[in-house]
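Worksheet for the structure shown next.
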Amino acid sequence: MSADEIRVFEPQALLEGATPAPVPVPIGDLISMVRSAPITNGPSIRYGAWECSPGVWQRQITQAEFCFFIEGEAIFRPADGAEPLRLSAGQAAFFPANSLGVWEILSRSRKVFIIFDAAETDRA
């Protein structure tokens, strides 16, 4: 590994960076926005920032994801019936590939994330 392959992320810069785009499949009014960019040294690996007002929406990401909550509180209800997860500011989480379910956002939330190409996670 060379120093050129290491990436440093500034969460505030991500949140203030590019124009946010709506996240698909809200359940009700649009409540979630995302900013993201590719990481050049990996196939389909993206990093970004997500922010969301209170409400409910369907999680559509099929790739593995690591995230760190900067602000807020949310409950993730897995589609497979597993125990709901409560996440809040200062906590990090890893979602394996195909972790589908519903987000219930309890208070304005912000997180930074890295989404990994499913082909890459399958090799781990």
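Every read-out reported here was derived from the displayed coordinates using simple, explicitly stated rules and does not represent laboratory data. Remember, it's a predicted structure, so these values are computed and weren't measured experimentally. Using ideal geometry, Cβ is built from the backbone for each residue, glycine included, and neighbour counts are taken over all protein chains shown.
Tabulated results
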{"read-out": "Computed label-point distance, nm, for sites ALA97 and SER53 using a 7 Å Cα→Cβ extension", "value": "3.6"}
{"read-out": "Long-range HN-HN contacts of SER107 with modeled amide H, under 5 Å", "value": "GLU73"}
